[in-house]
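Okay, so here's the structure we're looking at.
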Amino acid sequence: MSHGYATYGDDPEFSDEYLETADPARRDLDELFAAVDGLRAADDRLGQDVAELTERLESGGPNRQDDRIDLLARQLERLQQQVRVLERAVRVADGVPQADLDDVGTETRALAAEAARWDDLHKELVTKEQRARYAEEIAHLDAVRGALSRCDADLLDVIGVLASTDRASRARGDAESRLRALATRRRTLLDEEIPAASAAAEKARLALREADAVEARVVPQLERAERAWHDLQVRLRTRITDALGSNVLLPTWFGNALGVAPPSGTTGDAWIRTAASVLAYRVTFGVTEPALPLGPPAPDDADTTERRWTWRARLESDLDDLAL
């Protein structure tokens, strides 16, 4: 008896089978929620500390506060990471479905493979700069032929002077000197410059014909690759937005790189474009790393000018610009 009232233990009709047994999974879930709440509170406090120290520093505080700000910023980042991990664990424990964005199916992977051909195909095309150089080679032949025509005209003028002047006159002496120079110039044009220019021009014409043939073959393939890239982007954007709309648990790599939802305002479109491009990168190169959005970095001996690494660098820059 207690305080004049019968307790369950005192009730002869009470049986232990009526006691509600504690659910271990529920207890673990409650503990996870409590841990998340505690980390969020610590996160908020650290965020306030960083903001206060930053304000002091901007108003002329001691330089030694720099180290304190850096330390607090690192602690804040670690706490935010722990919050994300625990929140994910809570949702997994609560039975929230998990989205596998990487499992896009064979048709989408085929689109990615077709789109990936664009760079190699584009490399086969002759650049505008190279075409301009070929055109210059062809034009140079016309220029040296024009120089020969002018030289012949000058020679006729000199011969006319020689025919109409006395041998002892100064004009005749000048004409004889010019005759020798023009003859030498004409011989150089005929024996050296025109043959070299003709060979170079013929080589340039052949290169342009080959470039035209390559362009006729490659351009349709480039157009297919561009259409494949557009269709791939549409599919992946839809896949991501569907996952966001269904409130499933997004992959760890996605949360690490992009957070759990698009930001508000004008950056939302940049966010979804970047998210689709990161997923396209993973699909194209078969990245399956669960935590790293772009997989491991390039090895030391990798050619960083290759498409994979230049694309990765652009995506890393885009993610930095989002500042998530």
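The values are calculated or read from the model by the stated rules, or taken from the named source; none is laboratory data. Keep in mind the model is a prediction, meaning the values are calculated, not measured. Positions of Cβ are backbone-derived with ideal geometry, glycine not excepted, and every protein chain shown enters the neighbour counts. Surface accessibility is based on the protein's heavy atoms, side chains included, excluding ligands, DNA and RNA. Shrake-Rupley method; radii C 1.70, N 1.55, O 1.52, S 1.80 Å.
The set of residues from segment 153-176 being in a helix (DSSP H, G or I), more than 25 Å from Asp142 (Cα to Cα) and open to solvent by less than 60 Å² (accessible area, probe 1.4 Å) comprises Gly160, Val161, Leu162, Ala171, Arg172, Gly173, Ala175. Within segment 274-310, the residues that satisfy the criterion of being open to solvent by less than 70 Å² (accessible area, probe 1.4 Å) and of a type in the set (A, V, I, L, M) are Ala275, Ala276, Val278, Leu279, Ala280, Val283, Val287, Ala291, Leu294, Ala298, Ala302. Residue pairs whose Cβ atoms lie under 7 Å apart, separated by 6 or more positions or on different chains, with the first residue in segment 162-182 and over 19 Å from Asp152 (Cβ atoms) and the second basic (Lys, Arg), are Thr165/Arg172; Asp166/Arg172. Select from segment 126-151 the residues that are open to solvent by less than 80 Å² (accessible area, probe 1.4 Å), without any contact (Cβ under 8 Å) to a residue 60 or more places away in the chain and more than 30 Å from Val219 (Cα to Cα) and list them in ascending order. If the condition is that a residue be open to solvent by less than 80 Å² (accessible area, probe 1.4 Å), without any contact (Cβ under 8 Å) to a residue 60 or more places away in the chain and more than 30 Å from Val219 (Cα to Cα), then Ala143, Val144, Gly146, Ala147, Leu148, Ser149, Cys151 are the ones that fit. The conditions of being open to solvent by less than 90 Å² (accessible area, probe 1.4 Å), within 22 Å of Thr127 (Cα to Cα) and either of a type in the set (D, E, K, R) or at pLDDT 95 or above (or both) are met by Ala201. Tallying residues that are under 30 Å from Arg308 (Cβ atoms) and either touching an Asp or Glu at 6+ places or on another chain (Cβ under 8 Å) or part of a helix (DSSP H, G or I) (or both) within segment 118-152 yields 13. Selection of first residues in segment 251-273 that are in contact (Cβ under 8 Å) with a residue 12 or more places away in the chain and part of a loop (DSSP other than H, G, I, E, B) and of second residues that are among the charged types (D, E, K, R) and open to solvent by 50 Å² or more (accessible area, probe 1.4 Å), restricted to Cβ pairs under 8 Å at least 6 apart or on distinct chains, gives the following pairs, ordered by first then second residue: Pro251/Asp100.
Please tell me if Glu192 is at pLDDT 95 or above, under 25 Å from Glu129 (Cα atoms) and of a type in the set (Asp, Glu). No, not satisfied.
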